[in-house]
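Coordinate-derived values only; no laboratory data. Just so we're clear, the structure is a prediction, and the values are computed from it rather than from any experiment. No Cβ is skipped: glycine too gets one built from the backbone with ideal geometry, and neighbour counts run over all protein chains shown.
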Amino acid sequence: MAPTVIDCGEPHLTLTTPALLFPAISLLLLAYTNRFLVLAQLIRKLADEERNQHQEANARQILLLRQRISLTKRMQLAGVFSFLLCTLSMFALFLSLELTGMVLFGISLVALSVSLIYSLWEIQISTNALNVQLQDVEAQLRASGKHLGGDA
């Protein structure tokens, strides 16, 4: 029995390879838009609370919200850039410009990775913001003399 030989020659990229990223990038952009809408809702709620009664935790929350907005904008830009490059890659492959298509697809993957890194960073800030909120609630409970329960 002769051994099977695998051709590891030049890489080959077909039109379907970048097309596989379209649903993933679309869902990612939808998730980013949802995050942005949640941030907008939080900011409006915070503004209403600040108008009604000044709270010390609001100043910390405002700083964290500004950081999250900035990161959300960056991750959306990187995601859209990735989508655009993926589209241009498919167009180049359609025109039989394989090297150009491969380069554009590679840059598209880098842009998508950058977008995901921004997303991880935003998640970290989001959890910090939740901790600020929890600290504020705990302080209010302590001030009112209520028991916080056991440590987890």
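Computed quantities for the displayed model
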read-out	value
Residue among ILE107, ILE125, ILE117 that is more than 30 Å from PRO18 (Cβ to Cβ), assigned to a helix (DSSP H, G or I), under 25 Å from the mean Cα position of the chain (by Cα) and among the β-branched types (Val, Ile, Thr)	ILE125
Top-ranked residue in segment 67-104 [being β-branched (Val, Ile, Thr) and under 14 Å from ARG35 (Cβ atoms); ranked as nearest to the chain's Cα centre (by Cα)]	THR72
The lone exception for TYR118 - which of (1) closer than 25 Å to PHE36 by Cβ; (2) surrounded by fewer than 15 Cβ atoms within 10 Å (Cβ to Cβ); (3) not charged (D, E, K, R) it fails	(2)
